[in-house]
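The values are calculated or read from the model by the stated rules, or taken from the named source; none is laboratory data. Since the structure is predicted, the reported quantities are computational estimates derived from the model, not experimental observations. Cβ: placed from backbone, ideal geometry, glycine included. Neighbour counts: every protein chain shown. When the accessible area is computed, the model is the full protein with side chains, heavy atoms only, and any ligands, DNA or RNA have been set aside. Shrake-Rupley method; radii C 1.70, N 1.55, O 1.52, S 1.80 Å.
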Amino acid sequence: MVDPTPQQRWSSWLLERNRRGMRVVLLIALTLYPTFGILDYLLAPRYALPLLYGTRALVAATTLLLLRVVKGPVFDRHPNVISSFYILLAAFGISLMTVFMGGMASSYYAGLSLVIVGTGLLFVWPARVVVTTHGLILLSYVLPNLLLHNVGNAMAAGSNLMFLAATAIITGTGQIVLFGAQHKQVMDQIALEETKASLERAHSQLKQLDHYKSQLFANITHEFKTPLAMVLAPLELILQGEMGDLTAAQQTTFQAMFRAGLKLLKMIGDLLDLSRLEESKLRLKIAEHDLCEYLRGLVSQVQPLAQRKGIELKLVLEVAVLPVWCDLERVERVFLNLLSNATKFTPPGGHVAVRVRESAGRALVTVEDDGPGFPTEKAEQIFERFYQVDMGGTRRYGGTGIGLALAKEIVELHGGRIRAEADAGARFTVELLRDREHFPPEVLDRRGSQRDVPAGLRANDRGLMDFAVQMAGRDEYRLLDIAEATERRASMRDADEHLRPHVALVVDDTPDIIRLVHGSLRSHFKVVSADDGLKGLEMAVRERPSLIAADLMMPGIDGLELTRRLRGNQATRHIPILMLTAKGDLEDRVAGLETGVSAYLAKPFSPRELLTTARALVSAQASTADMVLTQRMDSLEIVAGGLAHEINNPLNYLKNALARVRMDAEDLLAGKAAAAAVEQRMREMFDIAESGIKRIAGTVDLMSSYSKAGYSRELRPHDVFAAVREVVAVVLPATGRAARVELDLSGEGTVECVPEELNQVISNLIQNAIEAAPDVGGLVRVRGARDGEMLVLSVKDNGPGVRAEDAARIFTPFFTTKGPGRGMGMGLTIAWRVAHSLGGTLEVKPGPGAEFVLRVPAKQPRLRAVS
């Protein structure tokens, strides 16, 4: 059967609503309409009584007929037509009475008001039916009286008509509003019912799916035990020497595998118990046990493990004997989880206390530590399944979040309760009822001991399952979590690790991952490790490893922040970083690459892939270092050649001048030359020698300025035009060139600058122009003028100029068109940087004859760095 649509349901509701209204109207009319015949007898003219009584008889007969019709299919098909017709019939009868009883001024019009109000109260009609019905009621009152000219007192008639019309308008408006409201209410109710039904269906389906999930979960986790037992059993034989002697490295590797298998077996046991609790299938095997005696033994087993981490573990018994009815195997899971958490979160040198006392027929066991504790508002939330306090990207402690949830459900299954408090550490209190009467019969296991063997188990699996059950009773399995929480060694050191050519730093908060990476890289790397990001950063600075393998999610600082800090340190920025992560999101990878991560490996990773990637990163780093060294050597060759040229030329000026001075001095002493002539020539030679010394000093200063990170710089007013004249006067004689220098300097030439730096720019531009000019007919034009707030200085020669393809590179370091030995390729770079530090520009115009244009502002808001 097809479910009705919402519109069909609304139509059905409206039909029933108007059917009930029609019945009420008919019953009221059947009572009142004949009764008002008494009023006709008393007030109406005698000649009108047959007509009035006939009308009332007609209405009464129609009423009786409609009482039957309203139940049948005719009314179902035409409910609005029938109900409106009946209302109009009753109204017409009343209007007919007004014709014989005063016309429109008759007080009988009040009957029409009753009909209109009753219609509004009892029928839910759409607007078209309301307007039509109420309009026809008014016409039935007005038209007969007007046609018969039976208005009566005009004031009374007008008043009656106004009140009747107002009643019709108000009632009709209310009826229309009611229709919309009822429609919305019904549709909302239908939607709500459909939503509820949908939710109920979804809830039923979810319950069914949850049941299937729990069943599948239990079956799968049980099936996991079979292959896991097949892994653990051979591993145990190998470790016991049944397969031959093992090397130290093999022993370490197999132990790590065996421990990981035990951990997986324990997790499977926890998940099985959770699934049983969900299905209410976990059963308790209760017996009376002395809790004090049991906890003495348990604490004595845990104490050596706690001491490895430097934790003091003590047991405080306030009673000597405390018998409790419980399933000790299940209760042990509770206490082991609490001790595991306590030793995990307590720092080295901390304290853990187990207190046992009795109160009002209850056994109370408290496990208290002085670790970091937890937020007090999380005291209830930490018992939720899979919840952990440190669930962010820098988790300090591992775990699945199952332990406390399982502990809570086991305790509550015993009729007790467990609570957590945070006060300078964490404190967990377990309350157990001591008697056995409080256990409901449905939670008790009255079967045999094959607790972990479900029905239908294959016979050939039973031996393996027996192994798994036996393993669960061994101390190394029971105390596994505590052993991991107190383990201080991440990996064993190799005896020959000093022979490895490279050092790898592993930064991970999981000891098993460190051991895995160590085992994968030990053949080519000396492996050192750190268990959090801050320690990893410290070790990277100290050890300077060839490679860093870091986890993305770590305590302290995560892998991305570690990479960011390593790249920001000059000593470690070159080290390749391999990020190990269980999160393979594209955003994480992009963020890592932007931060400086060299490569990613997703967990779980292949040891061979890890080793290959590590070797490739180190090899690429070595290749990059060789290339940089080669480039630096090439740069040194260019710099050396240019520096030799820059110093050699003025040095020749100096040598030639000194040789000429020596010759003139000897001629003067021998009387071979006149003193006046010698004096003049010697003065010229001293000027040439001085210009050569200044040029050598300028070259040295240029190199020093380029190599230093910075020096004391102070803005001062400086006359650029005066500096140009001084540079020309010094550089032109020193070059020994016959070039002619024309100066066209107009206006004010003072700017705010660092004079030493700007003089370097002017000297470099003018010297380059003089040297580029031809030997014969060489010309250099220097023009300077103000352009608004800018000072523009142009230096142009008539030499070969600058090629267009060289113009874009001419300001880059070490670029020169002069060839090795004829220039350093640094002067224009420094000139360009000085110009930009002043907020100006330096540009070159290619073509015949090179032209360099310097623009600098006259005023400086601030001094910028020369970069």
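Remarks
- Estimated at 0.36 nm per residue, the fully extended path between HIS351 and ARG385 surpasses their Cα-Cα distance by 9.5 nm.
- Subtracting the Cα-Cα distance of VAL177 and ARG783 from 0.36 nm times their residue separation leaves 209.0 nm of extension gain.
- Three-way shape label, the stretch 98-203, alpha-carbon gyration tensor, a/c 1.5: prolate
- Cross-link pairs LYS285/LYS408; LYS263/LYS535; LYS263/LYS408; LYS207/LYS378 - those with Cα-Cα distance over 25 Å: LYS263/LYS535; LYS207/LYS378
- With distances taken between every two different alpha-carbon atoms, the stretch 544-584 has a Kirkwood hydrodynamic radius of 10.5 Å.
- When ASP481, ASP40, ASP245 are compared by accessible surface with a 1.4 Å probe, the order from highest to lowest is ASP245, ASP481, ASP40.
- Pairs beyond 18 Å (Cα-Cα), from LYS796/LYS845; LYS266/LYS603; LYS266/LYS309; LYS309/LYS344: LYS266/LYS603; LYS266/LYS309
- Area accessible to solvent at LYS71, 1.4 Å probe radius, in Å²: 150 Å²
- Spin-label model distance (nm) - ARG19 vs ALA677, 7 Å beyond Cα toward Cβ: 14.7 nm
- GLU368 sits with roughly 60 Å² accessible to a 1.4 Å probe, with DNA, RNA and ligands left out of the calculation.
- Counting all C-alpha pairs of the stretch 730-796, share separated by more than 17 Å (%): 46 percent
- Extension reserve of the LYS535-LEU32 stretch, reckoned as 0.36 nm per residue once the Cα distance is removed: 171.2 nm
- Here's the picture: a label point sits 7 Å out from the Cα of TYR47 along the beta-carbon direction, and within the stretch 59-102 the residues with their amide nitrogen under 18 Å of it are 96-102.
- Per-pair calculated FRET efficiency, R0 = 35 Å: HIS203 and ILE170 via Cβ, rounded to 0.05: 0.15
- When the solvent-accessible area of the stretch 1-140 is split by element, carbon and sulfur atoms take up 72 percent of it, the probe being 1.4 Å.
- To the nearest 10, the accessible area of SER300 is 60 Å² with a 1.4 Å probe.
- Based on C-alpha pairs under 8 angstrom that are at least 6 apart in sequence, the stretch 90-221 has a relative contact order of 31 percent.
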